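Novice: I'd like to ask you about the structure that follows.
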Amino acid sequence: CEKVKAQKPDVTLVWTLHDHWSVTGRCAFTDGCEGWKSGCQKCPTLSNYPPVRVDRAHQLIGGKRQRFRDMLRLGCQFISPSQHVAEAFNSVYGAGLCRVINNGIDLATEAILAQLSPVPLNPGKPRIAIV
């Protein structure tokens, strides 16, 4: 953010948060762990994404949070399509600093999909979904 501001002072960097990485020591998803609220002292989810063998979350969280505070001080904006992620960010860095902007939905496509009849299930036959 500092390099962007130095070269282009009129440009605002906008970071879209899709997970909890910005508030935890290392985890992208909290999976019910509340340790990030008190400094990630002992990580119970070392095998969660991204998996690690050595717990350094408590060493990393302070520096990470300082970098996010520095970005906020420079005017960087944070948004999230997730109310839950935005609330976690705001609880750490300050109320209203991450705003929710919902992902768009093509209503015409949704209406067509709603009219389709469900595919009958064939017991014993594997179902495969490609997204």
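The values are calculated or read from the model by the stated rules, or taken from the named source; none is laboratory data. The structure displayed is predicted, hence computed values, not measured ones. Neighbour counts run over all protein chains shown; Cβ positions are idealised from the backbone, glycine included.
Novice: Given the criterion touching a strand residue (DSSP E or B) at 6+ places or on another chain (Cβ under 7 Å), more than 13 Å from CYS98 (Cα to Cα), surrounded by 12 or more Cβ atoms within 10 Å (Cβ to Cβ) and not charged (D, E, K, R), identify the matching residue among THR12, THR30, THR45. Show your work before the answer.
Specialist: On the way: THR30 fails: touching a strand residue (DSSP E or B) at 6+ places or on another chain (Cβ under 7 Å); THR45 fails: touching a strand residue (DSSP E or B) at 6+ places or on another chain (Cβ under 7 Å).
Step by step, each of THR12, THR30, THR45 is checked, and only THR12 is touching a strand residue (DSSP E or B) at 6+ places or on another chain (Cβ under 7 Å), more than 13 Å from CYS98 (Cα to Cα), surrounded by 12 or more Cβ atoms within 10 Å (Cβ to Cβ) and not charged (D, E, K, R).
Novice: Which of (1) acidic (Asp, Glu); (2) loosely packed, with under 12 Cβ neighbours inside 10 Å; (3) in contact (Cβ under 8 Å) with a residue 24 or more places away in the chain does GLU110 not meet, given it meets every other one?
Specialist: Only one criterion in (1) acidic (Asp, Glu); (2) loosely packed, with under 12 Cβ neighbours inside 10 Å; (3) in contact (Cβ under 8 Å) with a residue 24 or more places away in the chain is unmet by GLU110, namely (3).
Novice: Which one of these does LYS5 not meet: (1) under 18 Å from the mean Cα position of the chain (by Cα); (2) surrounded by 11 or more Cβ atoms within 10 Å (Cβ to Cβ)?
Specialist: All conditions are met except number (1).
Novice: Within region 73-115, work out how many residues are at pLDDT below 95 and touching a helix residue (DSSP H, G or I) at 6+ places or on another chain (Cβ under 6 Å). Spell out how you get there, then give the answer.
Specialist: First, the residues of region 73-115 that are at pLDDT below 95: 73-76, 102-115.
Next cut, touching a helix residue (DSSP H, G or I) at 6+ places or on another chain (Cβ under 6 Å) only: 74.
Total satisfying the criteria: 1.
Novice: Count, please, the residues in region 56-78 that happen to be touching a strand residue (DSSP E or B) at 6+ places or on another chain (Cβ under 9 Å) and buried (at least 17 other Cβ atoms within 10 Å of the Cβ). Don't jump to the end; show me each part of the working.
Specialist: Restricting attention to region 56-78, the residues satisfying the condition of being touching a strand residue (DSSP E or B) at 6+ places or on another chain (Cβ under 9 Å) are 68, 71-72, 76-78.
In the following step, the residues that additionally are buried (at least 17 other Cβ atoms within 10 Å of the Cβ) were identified as 68, 71, 76, 78.
Total meeting the criteria: 4.
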